[in-house]
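These notes concern the structure reproduced below.
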Amino acid sequence: MRILFRLSIFPSFLSILAGSAAAQAGVGQADPNAGQDEARAVYVEGQVSRISGEDLPWALSAGERVPVRQIITTGPDGVARFEVRGGTSFEIFSKSRVAFRQNSASAGDLMDIEYGRVKINFVFGLQRHSPVQRVMTPVVIVTARANAAFTILQIEDQTTRVDVQSGEVFVQHALLPRGESTPVKAGDAIIVNRDEPITRKLDRGTLYRYAYRSIIDAMGVFISRRLPDRFIENMDDGAVLEARYVRGSSTNRP
């Protein structure tokens, strides 16, 4: 009886050992796709943090990586540049909040911009992802089908402005999707309000008429907060949105 008992448990013991070895082998093998959807911070200045779920903000430094479905925030003096696999990159400016690859099941969805200003540079050809790339805001969905560089300014959840520096993007209203997307080419800009459908009238030429934006970016938030009111009053709607945003008069977020 003793011999039979030992023989009966021996196959079970072998199966347990085999399962344990297989599990350890699986742990030791690197997933070839691991980390390929992360964003790497290549430049960080000022207050820049990432948030995972209900966790407290974690300060970001250059060289760190941000996994999918995490929030990236910037303070009044924060600015950061990130790169993802394939060459696509994005810059997040002060007082902004974005969700990185919130919809990770869709390979082409880069981020959801909750508020703030973000510059995106989509690069195609080297990446394994979808043939289209998208950025979402509370008001619009911006899609690119080829290399494109553009800037999005989101004022709370009410208004989105899209400025295209190179290439072409297609803008669709997220709340009032009617008809085809509106194409916006390099040198053009468009402003979309939450409760109004997109019109074909583009805010053409604003990149040239308001070149002061680049100067403000280069010299930082210090200058942008000191634009006098009389200067703002002489701007068009798009420029007023930008100037008031960077000065903090449209939002009191830290």
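We did not get these values from a lab; they are worked out from the coordinates using the rules stated. Since the structure is predicted, the reported quantities are computational estimates derived from the model, not experimental observations. Heads up, the Cβs are rebuilt from the backbone with ideal geometry, glycines too, and the neighbour counts pull from every protein chain shown.
Using Cβ counts within 10 Å as a stand-in for footprinting exposure, how do Asp109, Asp195, Asp188, Asp77 rank, fewest first?
Asp195, Asp77, Asp188, Asp109
What full-extension length gain, to one decimal in nm, is calculated for Asp195 and Arg40 as 0.36 nm per residue of separation minus the Cα-Cα distance? Walk me through the intermediate numbers first.
Working: separation 155, 0.36 × 155 = 55.80 nm, distance 3.59 nm.
Answer, rounded to one decimal: 52.2 nm.
Work out how much length Arg178 to Ser166 would gain on full extension: take 0.36 nm times their residue separation and subtract the Cα-Cα distance, in nm to one decimal.
Once the chain is fully extended between Arg178 and Ser166, it gains 1.7 nm.
Using the beta-carbon distance between Ala146 and Ser52 and R0 = 22 Å, what value does 1/(1 + (r/R0)^6) give for FRET efficiency, to the nearest 0.05? Intermediate results must be reported in sequence, preceding the final value.
Numbers: r = 33 Å, r/R0 = 1.49.
That pair, Ala146 with Ser52, gives E of 0.10.
Please arrange Ser52, Ser181 by counting, for each residue, the other beta carbons lying within 10 Å of its beta carbon, fewest first.
Ser52, Ser181
Among Glu196, Glu83, which comes first, second and so on when ranked by fewest other beta-carbon atoms within 10 Å?
Glu196, Glu83
I need the trypsin sites (Lys or Arg not before Pro) found in region 72-149, filtered to DSSP loop residues with at most 16 other beta carbons within 10 Å of theirs.
Qualifying residues, ordered by number: Arg85, Arg128, Arg145.
How far, in nm, would the chain grow between Ala59 and Ala105 when pulled straight, counting 0.36 nm per residue and subtracting the alpha carbon separation?
Answer, rounded to one decimal: 13.9 nm.
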